[in-house]
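Trainee: What follows is a single structure, and I will ask about it in a moment.
Only the coordinates and a few stated rules stand behind these numbers; no lab work does. Not measured: the values here are computed from a predicted model. Every residue, glycine among them, receives a Cβ derived from its backbone with ideal geometry; neighbour counts consider all protein chains shown.
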Amino acid sequence: MKKLDYVDLGNLFREYSMWGNSYLPRSYPNNKQQGVLWELLNPSENKNYKRYIKSLDSYCQNYQNFCGAYYANPFRSSKIEKPKYTCVPYWGKDFWKEKKRIAICAQKSLNRGSASIPLYFPLCEIKSWEKAFEIGLKLNEKQPPKPFGWHSFMMVWIAMRFIFSKNFSYLQQVYYSDIEKLDNKSANTEFLEKEVKIINPDLTILFGKTSHDKFESFFKQKKRELSFIYFPCGQGANNDLQAEQLEKCKNKLCQFLED
């Protein structure tokens with residue numbers, strides 16, 4: 001059986017014409033999309049993101065192939081409206097090599113330029129909160145105004161460093177994305193079916209109780225492990241003031257990695 005990877009993922013995103021012919025941020029010449037992802041993929045020499053984000057070097061190479069697959073063939077005539085805020089997925093350097101895989105999904109991107117996931121989650125690989133904060137602020141300069149600021153990505157950093165506190169190396173075996181990529185519910189479910197088949201996660205952690213409740217039955221039908229945390233900033237943080245659900249998620253993750 002063929003082992004699926006980021007090339008198949010690029011084909012899937014092309015199948016749904018996810019960003020049309022020009023929207024996808026990429027490290028190709030003559031691209032006008034110079035937002036957060038562009039900054040990560042094309043850092044100037046003095047910023048040296050790859051020194052601190054260990055997955056970034058391999059991701060840059062994989063992303064070229066992801067983009068190549070996305071643009072390889074003509075786009076189908078799609079009835080699906082091109083979303084304005086859909087994120088580009090990110091993955092750790094060992095994700096496609098490991099048998100035991102983890103997917104972490106936010107509910108829905110709210111930033112233009114596919115910024116939300118690439119802005120937040122690579123920062124979680126950085127051990128020092130000061131360095132994560134410093135790099136996050138640099139990336140934040142490339143982010144269109146709101147809805148996320150420095151406090152948002154630092155709350156995500158804290159939550160991720162907590163649930164992976166005994167297993168930081170496993171951050172390299174994680175796939176990050178949004179669970180809702182298409183506004184049409186049935187089309188999104190169809191897309192998610194195909195995405196799950198490609199990434200083949202053994203455990204999925206959802207950021208947000210709403211998304212957990214909405215997609216719990218989907219993952220049960222697929223017989224895949226599921227957990228969640230309340231989104232660690234905004235209203236989500238108010239729903240888990242004693243971090244009880246965060247602790248539950250951490251324990252489930254630890255047990256999953258130890259089995």
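Trainee: Which whole-number percent gives the relative contact order of the chain, counting Cα pairs below 8 Å spaced six or more residues apart?
Mentor: Over the chain, the number comes to 22 percent.
Trainee: Would you mind pulling out the separation of the Cα centroids of the range 226-259 and the range 162-215, in Å?
Mentor: The two parts, judged by their Cα centres, are 15 Å apart.
Trainee: Given charges of +1 on the Cβ of Lys and Arg and -1 on the Cβ of Asp and Glu, with all other atoms neutral, how large is the dipole of the range 85-218 about its Cα centre, in debye to the nearest 20?
Mentor: For the range 85-218, the charge dipole is close to 220 debye.
Trainee: Would you work out the charge dipole size for the chain about its Cα centre, treating the Cβ of every Lys and Arg as +1 and the Cβ of every Asp and Glu as -1, and quote it to the nearest 20 debye?
Mentor: About 400 debye.
Trainee: A further question follows. Hey, got the dipole for the range 182-259? About the Cα centre, +1 on K and R Cβ, -1 on D and E Cβ, debye to the nearest 20?
Mentor: Dipole of the range 182-259, to the nearest 20 debye: 200 debye.
Trainee: Looking at 251, 233, 206, which one has the Cα that reaches farthest to the positive end of the dipole of the chain (charges on Cβ: Lys, Arg +1; Asp, Glu -1)?
Mentor: Towards the positive end, the residue furthest out is 206.
Trainee: Moving on. Report the dimensions of the range 114-259 along its three principal axes from the alpha-carbon atoms, largest first, rounded to Å.
Mentor: Computed over the Cα atoms, the extents are 42, 36, 29 Å.
Trainee: Same structure again: Packing-wise, with mean Cβ within 10 Å as the measure, how do 233-244, 168-179 rank, highest first?
Mentor: In descending order of packing, they fall as 168-179, 233-244.
Trainee: Taking only complete DSSP H runs, can you tell me which helices of the chain stretch 15 Å or more along their own long axis by Cα positions and average at least 0.0 on the Kyte-Doolittle scale?
Mentor: 150-163
Trainee: A follow-up question, please. Measure up 2/93; 209/252; 181/209; 97/194; 50/166; 47/250 against 26 Å on the Cα-Cα distance and list the ones that go over.
Mentor: Over 26 Å apart, Cα to Cα: 47/250.
Trainee: Moving on. Between residue 166 and residue 187, how many nm apart are label points set 7 Å from Cα along the C-beta direction?
Mentor: With each label point 7 Å from Cα toward Cβ, the separation is 4.4 nm.
Trainee: Moving on to the next point. I'm a student and want to see the number: the projected area of the Cα convex hull of the range 191-238, averaged over all directions, in nm².
Mentor: 3.5
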